[in-house]
Amino acid sequence: MAATKITALALNGVSKSYGKVRALAGLSFEVAEGRFFALFGPSSVGKTTTLRAIAGLVQPDAGSIRIGGADVTHAPIKGRGVSMVFQSFALYPHLTVANNLAYPLVEEGVDKSEIAKRVKETADMLRLSHRLERKPSTLSGGEQQRVALGRSLIRRPKILLLDEPLTNLDAKLRHEMRAELKRLHRQFGMTIVYATPDELEALSMGEEIAVMRDGRVVQIGTPDELFDHPSDLYVAAKIGSPHMNTIQVKVGSDGNSLETPFGSVPAPRIIGGLSAGEALVLGVRPSDLRLAQGAAASLAPSVQQLEPLGDVTVVSLTASGQQLRIVLPEAQAIGMKTGDAVPIVIDPTKLHLFRGRDGLALSRQS
Amino acid sequence: MADIITKTPIWEKLGFRKASGVSEAGWGHTALAAIVSLIYFFPVLVIIITSFKLQTDALAVPAKLFPTSLFGLLPESMTFKPTLENFTSVFSRAFTNGGAVENTGFDRFFFNSLFIAGTSVLLALVIGTLAAFGFSRYPLKGNDTYLFIILTTRMLPAVVVIIPVMLMLRVVGLSGSYLGIILLYTAFNLPFTIWMMKSFFDELSPDVEDAARIDGSSDRRVFFKICLPQVLAGLAATFVFGIILTWNEFLFALLLSSVDTRTVPVAMSQAVSGGGIGVLWGLLAAIETLFLIPVFLVTFFMQNQLLRGVTFGTVKR
């Protein structure tokens, strides 16, 4: 995919409060044209307010919003070239599917024959042709979703905002719609801003992901960047399933080892070095732990719980009250029982270290 | 996939809708419901029957309830011979001691009732719907206080309110005029119109309106193209309740209408008293039967709207 350098959307220091509640607190990010950009964070973190500000439904208290280079912070909604799919779908309940699809074009003053043509095209593309004369309430959830998408796509927006569009669908439909959304993005190449509380959706669809917390962006990056180099404990805990193991550790007296409840492990080389006795948080992904073959075990906690997931098994281990999860291929987990001691090897190159004080990641020497 | 086409039975077309997914009650329940509704309907039924009786039949005790003997099945004492005489004498009467046939003025009174009730309810609906939308979507500081104040005029018995109202109308010179009584009834209908319509607007999903704004609609278009069509059932319900209340209103009409603007309830009370030969029950019943027809029709043809309520299938909450 050819990455263009043109910035389609830029938010700079956008803040918004509702009474005493601070929804957005100096939010900034840029989205390159044609990018599938995911806004990821738990509910009430400001994702919806962000989208509404971009669409023009919400006026920011401070900061600026630029679309295609033009400042639209206080511009009217009409003319921004932005369309939006709501979590509730927000279809017009009194209009047929055809009229729902046609609505944005009617409001734009497009002439009738062109509207009919585009409605037909859109309906064909979204497999809605047999539903055109129905009212939205008689459609299934997936069909309603496709109507909402069609209504947003029909006037070919520069930017498409999607506010948790899959939350109201069942698991199977969600899977299908993820593929469908990716296909539509490839087909039309418009810029998409996709708000979701679902890590899997963000990682599988977002070319770039902004992790949000308390009305701000904590980290922006590709899925790999977020996974491999989380900027702090918050991001580390949000990205990756099962979640990263976090363990309170102390730097050993030599400054080169970490004392964990499971035993001592060699410390990775950190820029600026480590001071002896410093309290840190050690992060290690469950998939980065391996069973020790032979005598080289760094740790030997005991099995607390087994979760077989088919091809892999998630094993929860415990030692000195600390929990540690490890993902094993199914074959290796066969025969394990609760209470068994399991020898574990930690690869020092796969460790993440965070400052105990504020959770910020420590950069490793490369 | 072909849609399943079901034939709509005639009774469903007439407005007797069966709720889907609910099985019909058995005969026992149905019979019980029929008896209870007959008790409810009985006074109206007696009036309708009486309107077809001559004065002698109307005064008979026990009441004669059947217009036919069913080929001799029922005894003479229970049946009467139906007549349309009462209905003709609603509009014109001939004096028994000779003289020209005289117009009773009831054609005018019926027109007055239709005109005054119809205009004022529609006016209240227009003003009230706009006001309700304002209260719902553009709340003022102290919104609830205003809504409360609007309702205070209906918290007192009409008798108490009517004296200041009479004086107000007299001062501005509208007493006894169409404009005066229409404005009065509009004001009389506004509180509950606003309250009802506000509750319907409050039920609508704000997301749908935001979607329309993003799709390029102005606030005015959002109101007319998106909000109003969704509350049609509410408009119909409010209209019917307004018509029933206004149509039957007596006290204000009695004190504030003149001869020209008199409505049927007032005229009815005057037509039956006086004359010195007691109450003409047949005539009274005929007026009442005719008076019943317009509201009956309005309610009957709008009952689908009344029952339907507003459906929100497209918005999951």
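Please compute the modelled spin-label separation between residue B:244 and residue A:59, points set 7 Å along Cα→Cβ, answer in nm with one decimal.
Between residue A:59 and residue B:244, the label points sit 4.5 nm apart.
Please grab the % of Cα pairs in the protein assembly as shown that end up more than 51 Å from each other.
Within the protein assembly as shown, distances greater than 51 Å cover 41 percent of Cα pairs.
Between residue B:269 and residue A:293, what is the spin-label point distance in nm, taking each point 7 Å from the Cα along the Cα→C-beta axis?
10.4
Determine which residues of segment A:37-66 fall in the zone a paramagnetic label at residue A:241 would reach in this model, i.e. backbone nitrogen under 16 Å from the point 7 Å along Cα→Cβ.
Residues A:40-43 qualify, since their backbone N sits under 16 Å from the label point.
Only Lys, Arg, Asp and Glu count, each charged at its Cβ (+1, +1, -1, -1), so figure out the dipole size of segment A:131-177 about its Cα centre, rounded to 20 debye.
That gives a dipole near 280 debye.
Can you sort B:81, A:250, B:225 by how many other beta carbons sit within 10 Å, fewest first?
B:81, A:250, B:225
Full-extension gain between residue B:220 and residue B:168, please, as 0.36 nm times their residue separation minus the C-alpha to C-alpha distance.
The span from residue B:220 to residue B:168 would gain 15.2 nm if fully extended.
Along Cα→Cβ, 7 Å out, is where each label goes; now give me the distance between the ones at residue B:114 and residue A:271 in nm to one decimal.
8.8
Where does helix A:141-153 land angle-wise versus the long Cα axis of chain A, in degrees 0 to 90, nearest 10?
Once rounded, the angle reads 70 degrees.
Please report the net charge: other residues with Cβ closer than 14 Å to the Cβ of residue A:84, K and R +1, D and E -1.
That sum, taken over residues with Cβ under 14 Å, equals +2.
Express in nm, to one decimal, how much length is gained between residue B:149 and residue B:292 on full extension, taking 0.36 nm for each residue of separation and deducting their alpha carbon distance.
Between residue B:149 and residue B:292, full extension yields an extra 48.1 nm.
When a/c reaches 1.5 or more, the comparison of a/b and b/c decides; with that in mind, is segment A:1-106 rounded, prolate or oblate per its Cα gyration tensor?
oblate
Along the positive direction of the dipole of segment A:7-238 (beta-carbon charges: Lys, Arg +1; Asp, Glu -1; about the Cα centre), which of A:187, A:130, A:17 reaches farthest?
Ranked along the dipole, the leading option is A:130.
Out of the DSSP beta bridges found with both residues in segment A:7-238, what percent are antiparallel (nearest 5)?
On the way: 20 of 38 bridges.
Taking every DSSP beta bridge within segment A:7-238, about 55 percent pair in antiparallel fashion.
Take the alpha-carbon centre of segment A:299-341, take the same for segment A:211-290, and report the distance between them in whole Å.
21
Checking understanding here: applying a Kyte-Doolittle mean of at least 0.0 and a length along the axis of at least 18 Å (C-alpha), which whole DSSP H helices in chain B pass?
Correct list, ordered by number: B:27-50, B:106-137, B:158-171, B:178-203, B:232-247, B:281-308.
Which residue fluctuates the most in chain A, going by a Gaussian network model with Cα springs under 10 Å, if the choices are A:326, A:54, A:192?
It is A:326.
Stokes-Einstein D for chain B at 25 °C, 0.890 mPa s, Kirkwood Rh over Cα pairs, in µm²/s?
It comes out at roughly 104 µm²/s.
Using the Karplus curve 6.51 cos²θ - 1.76 cosθ + 1.60 with θ = phi - 60°, what ³J(HN,Hα) values do you get for each residue of segment A:278-285, in whole Hz, with x for Gly and Pro?
For segment A:278-285, the Karplus curve yields 5, 7, 10, 10, 9, x, 9, 6 Hz.
Roughly speaking, what is the centre-to-centre gap between segment A:31-65 and segment B:211-254 when only Cα atoms are used, to the nearest Å?
36
What is the magnitude of the charge dipole of the protein assembly as shown about its Cα centre, with +1 placed on the Cβ of each Lys and Arg, -1 on the Cβ of each Asp and Glu, and no other charges, expressed in debye to the nearest 20?
Using only the charged Cβ atoms, the result is roughly 800 debye.
Quick one: helix A:112-125 against the long Cα principal axis of chain A, what's the angle to the nearest 10°, folded into 0 to 90?
It is inclined by approximately 30 degrees.
When only C-alpha pairs under 8 Å and at least 6 residues apart count, what is the relative contact order of chain B, in percent?
26
With springs connecting C-alpha atoms under 10 Å apart, model chain B as a Gaussian network and identify which of B:270, B:230, B:55 has the largest mean-square fluctuation.
Comparing B:270, B:230, B:55 in the GNM, the peak value goes to B:270.
Subtract the Cα-Cα distance of residue A:278 and residue A:129 from 0.36 nm times their separation in residues, and report this length gain in nm to one decimal.
Difference between extended and current length: 47.1 nm.
Rounded to the nearest 10 degrees, what's the angle between the helix A:171-188 long axis and the longest principal axis of chain A, both from Cα atoms, 0 to 90?
60
Read-outs throughout are calculated quantities, based only on the coordinates presented, and are distinct from any laboratory measurement. Not measured: the values here are computed from a predicted model. Using ideal geometry, Cβ is built from the backbone for each residue, glycine included, and neighbour counts are taken over all protein chains shown.
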